[in-house]
Amino acid sequence: MTDKDNILLVEDDPEIARILLDHLRREGYAVTWASSGLESWEDFRKGEYQLVLLDLMLPEMDGFTVCKHVRLISDVPVLIMSARHQEESKLKGLGLGADDYITKPFSLAELTARIEAHLSRYRRYQGRQSGSSSSSVLQQYNDGLSIHPLNQQVMLNGTELQLTGKEGALLMLLASHQGRAFTKTEIYEHVWGQPAEASSSTVTVHVKSLRAKLGDEPHQPRWIQTVWGSGYRFIGERIE
């Protein structure tokens, strides 16, 4: 372990959180504590973490939803901890991309061993991926569209588009998962980081504005296709 390993602890019970915080910090980890799903998602988007320790029963946004959004943008290990014993909950969490599942109550020694095992594998994975990640390099698509995720820059036929932060985040979410249909609820939760109440019209307005700047016609789309009754998908063809 190195002193740079930063863990995002997501736990709404302050007593449990304090025990875990004290223990993990004694073990030499840097730990950020979030007490709700929304807080954890905001922290994750703003910070750099090597592992997420995630409870399932959370206010505002449950752990399953947090896991889903983390996995859309990152490969960091996600270790679910929950008092739930049902096989269905375990399988659902793993199916959303969690790396491991530990049931409360658990020993601190077991938790530390699992954390270090996942961090070791993640370091090896990062070493293999170093310098070759397609998520940070210029991505070119059909009809002159270019996206540079690292610089948050979108170009169309050599001209930079002046997108708002939400428009850019929306486009990069769709483009980074080419062909996958996202519901308006998923888009809103991921981009806005808030519960998806009354989210449909907000997403629709931003997609309309984004399409106008791209010159993308809804009835003959080149990049953003409407999935009727659901949401949107990116259909642009990647140019290698």
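Quick look at the values:
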| item | result |
| --- | --- |
| Gyration tensor verdict on segment 6-129 (Cα atoms; rounded if a/c is under 1.5, prolate if a/b is larger than b/c, oblate otherwise) | rounded |
| Ranked packing of 4-12, 107-115, most packed first, by mean Cβ within 10 Å | 4-12, 107-115 |
| Mean separation of Cα contacts under 8 Å (6+ apart) over length of segment 35-112, as relative contact order % | 28 |
| Value at 222 nm in deg cm²/dmol, rounded to 500, when DSSP H runs of n ≥ 4 in the chain each add -39,500 (n - 2.57) | -13000 deg cm²/dmol |
| Segment 139-239: projected area of the alpha-carbon convex hull, averaged over directions, in nm² | 5.9 |
| For M81, residues with placed amide H under 5 Å, excluding near neighbours | L54, D55, L56, I102 |
| Viscosity 0.692 mPa s, 37 °C: Kirkwood-radius Stokes-Einstein D of the chain over Cα pairs, µm²/s | 170 |
| Segment 19-71, relative contact order [Cα under 8 Å, separation at least 6], % | 33 |
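The numbers here are math on the coordinates, done by the rules we state, and not lab data. Everything numeric in this text was worked out from a predicted model, so none of it was measured. Here the Cβ is made from the backbone with ideal geometry for all residues, glycine too, and neighbour counts use every protein chain on show.
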